[in-house]
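**Student:** Sharing a structure below in structure tokens format, with a few things to ask.
Taken together, the values in this text are just the output of simple stated rules run on the coordinates, not laboratory data. Worth saying up front: this structure is predicted, and the values here are computed from it rather than measured. Here Cβ is always computed from backbone atoms with ideal geometry, including for glycine, and neighbour counts include all displayed protein chains.
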Amino acid sequence: MKKRLVIGMSGASGAPLTIELLKQLQQYKEIIETHLIVTKGAEMTLEQETDYTLEQLYALADEVHDNHNIGAGPASGSYRTMGMIVIPCSMKTLAGIVSGYSDNLVLRAADVTLKERRKLVLVTREAPLGTVHLRNMYEASQLGAVIIPPVLSYYNHPKTIEDCNRHIVGKILDQFELEGQEFHRWMEK
Ligand SMILES: Cc1cc2nc3c(=O)[nH]c(=O)nc-3n(C[C@H](O)[C@H](O)[C@H](O)COP(=O)(O)O)c2cc1C
């Protein structure tokens, strides 16, 4: 049986990162099934930040779940998954996760991921970060989530924004012991 990986996309800036992640996960198609959930906010950033239509985004995932469908598979702990990535993770979705206010499927799936002690990666994005945001990230980390803001690295000598996106996605995939494409590690060729 393929392993399921839940991808939540919320309305923070960074829609190209979701696309890059879904594209890279296709190299693991034989072993991993991607389950995508997109918030209304993310639909807006997708339109603002990329040339992708919603349908083109959906086509990159194996399964798509309606964010209002709180009866979908990822809403239950008995639905086995290898974990969840919220990419990008808005400050609103972060607040929902930290408080356990699970009124949509992204939030419910994240809540389930935490309660089942599975890996939850939050690609939290805002700048500058307010005290509430920092407090919520700290609390999410204490609850067991891994916080990977989409920050730039320079040691890999990026030349394009795609290089930057690939590096961030490589860091995220590392959390699941998956290898990113063209991911340049420190002190490794
Ligand atoms: C173009 C655009 C960029 C945004 N960027 C951010 C951001 O970087 N971080 C953030 O927390 N919210 C950002 N927002 C605001 C969120 O989309 C908004 O708070 C929304 O209610 C989040 O809901 P969701 O988490 O359910 O998607 C942005 C909104 C738009 C339209």
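**Student:** Please work out how much length the chain gains when fully extended from D174 to S99, using 0.36 nm per residue of separation minus the C-alpha to C-alpha distance, in nm with one decimal.
**Tutor:** Once the chain is fully extended between D174 and S99, it gains 24.3 nm.
**Student:** Which helices of the chain meet both criteria: a Cα extent of 18 Å or more along the helical axis and a mean Kyte-Doolittle score no lower than -1.0, with helices taken as whole DSSP H segments?
**Tutor:** Answer set is 161-174.
**Student:** Could you tell me, in Å, what Rg and Dmax come out for the Cα atoms of the chain?
**Tutor:** Radius of gyration, then largest Cα-Cα span, for the chain: 15.5, 46 Å.
**Student:** Taking neighbour counts of Cβ atoms within 10 Å as a proxy for exposure, in what order, fewest first, do L134, L21 appear?
**Tutor:** By the 10 Å Cβ count, ascending, the order reads L134, L21.
**Student:** Using the basic label-point model (7 angstrom from Cα toward the beta carbon), what is the Y79 to V132 distance in nanometres?
**Tutor:** 2.9 nm
**Student:** Sticking with this structure for a sec: With n ≥ 4 as the cut-off for DSSP H runs, can you work out [θ] at 222 nm for the chain, using -39500 (n - 2.57) per run divided by the number of residues, rounded to the nearest 500?
**Tutor:** -11500 deg cm²/dmol
**Student:** Related question: Residue separation times 0.36 nm, minus the C-alpha to C-alpha distance between E139 and L54: what's the value?
**Tutor:** 27.4 nm
**Student:** While we're on this one: List the relative contact order of the chain as a percent without decimals, with contacts defined as Cα pairs under 8 Å and 6+ residues apart.
**Tutor:** Answer for the chain is 22 percent.
**Student:** Oh, and also: Which percentage, to the nearest 5, of the DSSP beta bridges contained in the chain is antiparallel?
**Tutor:** So the antiparallel bridges amount to about 0 percent of the total.
**Student:** Taking the square root of 5 times each eigenvalue of the Cα gyration tensor, what semi-axes in Å does the equivalent ellipsoid of the stretch 82-177 have, largest first?
**Tutor:** Whole-Å semi-axes of the equivalent ellipsoid: 24, 16, 11.
**Student:** Please enumerate, by chain and number, the lysines with C-alpha under 19 Å from the C-alpha of K115, excluding those fewer than 8 residues away in the same chain.
**Tutor:** In chain and number order, the partners are K3.
**Student:** Ratio of the stretch 89-144's C-alpha Rg to 2.2 N^0.38 Å, to two decimals?
**Tutor:** Cα-based Rg divided by the globular estimate yields 1.04.
**Student:** Another question, then. What distance in nm separates the simple spin-label points at K29 and E182, each placed 7 Å from Cα in the Cβ direction?
**Tutor:** 2.0 nm
**Student:** Further question: Taking the chain as a Gaussian network, Cα atoms linked when under 10 Å apart, which of I85, I161, I19 shows the biggest mean-square fluctuation?
**Tutor:** I161
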